[in-house]
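Taking it in order: structure first as structure tokens, then the write-up.
The values are calculated or read from the model by the stated rules, or taken from the named source; none is laboratory data. Keep in mind that this is a model prediction, so the values were computed, not measured. Positions of Cβ are backbone-derived with ideal geometry, glycine not excepted, and every protein chain shown enters the neighbour counts.
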Amino acid sequence: MTRWCVALASCAALGGCVVAPARPPQPAPRVEVVPVAPVPGYHWVRGHYRWNGYRWVWIRGHWVP
């Protein structure tokens, strides 16, 4: 009985020992040339990197109202 409990406790403890892989560091921001605003009053949102689950993907800057 004691061996069974020790084995069960060991399996339960080892189940929590999961190491998540570290993602690579985020690259440096890209230099974007800000185009002319399409309409007066719009604001420029700078581009940024987004993690897609596998790698960093650049999201381009855009104009918003």
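List of remarks:
- Filtered residues of the stretch 18-50 (kept if within 14 Å of His62 (Cα to Cα), of a type in the set (A, V, I, L, M) and loosely packed, with under 10 Cβ neighbours inside 10 Å): Val31, Val33, Val34, Val36, Val39
- So Val45, is it at pLDDT 95 or above and β-branched (Val, Ile, Thr): yes
- For the stretch 45-65, the set of residues classified as among the charged types (D, E, K, R) and either farther than 18 Å from Pro21 by Cβ or assigned to a strand (DSSP E or B) (or both) consists of Arg46, Arg50, Arg60, listed by residue number.
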